[in-house]
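Heads up, the thing below is written out as structure tokens.
The values are calculated or read from the model by the stated rules, or taken from the named source; none is laboratory data. These numbers were taken from a predicted model, which means no experiment stands behind them. Quick reminder, even Gly has a Cβ in these numbers, built from the backbone with ideal geometry, and neighbours come from all protein chains shown.
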Amino acid sequence: MNPTAGSMSWKGYLIFCGVGASGLLVDMGLFHLLHLRFGWPLEASKLAAAEIALLNNFLWNDRWTFGHRPIESDAPWPRRLFRFHVICLSGIALTLLLLGILHRWAGLNAEIANAVAIVGVSG
């Protein structure tokens, strides 16, 4: 990976993966709390968990992973956040759909279905 060609260095890629892993932990942890501990409906729990994980990933990627890139740093943060939301929106929708299918139709445990849905859509 050649940073001068617009791609990411190996160190940057590992940081990016670390941020993604932190988002997975945030999503799974919050989903567990909201759905299984507090009894929120499946979809509401997933949407809230996904949004908080999205904000977690945006903040870490914006400051740590991509913060050094002038093209990203020049845009105001609300615009960068909006673009990030637009990019992630289809992934959240697909994850929510897959979660419902795996949990309600296939009978998987909600937490396992959430993890499978996240990993499946992330690919």
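Tabulated results
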{"item": "Those helices (runs of 4 or more DSSP H) lying entirely in the range 45-123 with at least 2 residues β-branched (Val, Ile, Thr) and more than 24 Å from Trp10 (Cα to Cα)", "result": "77-100, 110-122"}
{"item": "The range 111-123 residues that are of a type in the set (S, T, N, Q), paired with ones that are part of a helix (DSSP H, G or I) (beta carbon under 7 Å, 6 or more apart)", "result": "Asn114/Met28; Asn114/Phe31; Asn114/Lys46; Asn114/Leu99"}
{"item": "Qualifying residue in the range 64-80 (condition: in contact with a Cys (Cβ under 7 Å, 6 or more places away or on another chain) and under 20 Å from Leu25 (Cα atoms))", "result": "no"}
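Residue-wise test of (1) modelled with pLDDT of 90 or more; (2) surrounded by 15 or more Cβ atoms within 10 Å (Cβ to Cβ).
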| position | (1), (2) |
| --- | --- |
| Leu36 | yes, no |
| Trp40 | yes, yes |
| Lys46 | yes, yes |
| Glu51 | yes, yes |
| Asn56 | yes, yes |
| Trp64 | no, no |
| His68 | no, no |
| Ser73 | no, no |
| Pro78 | yes, no |
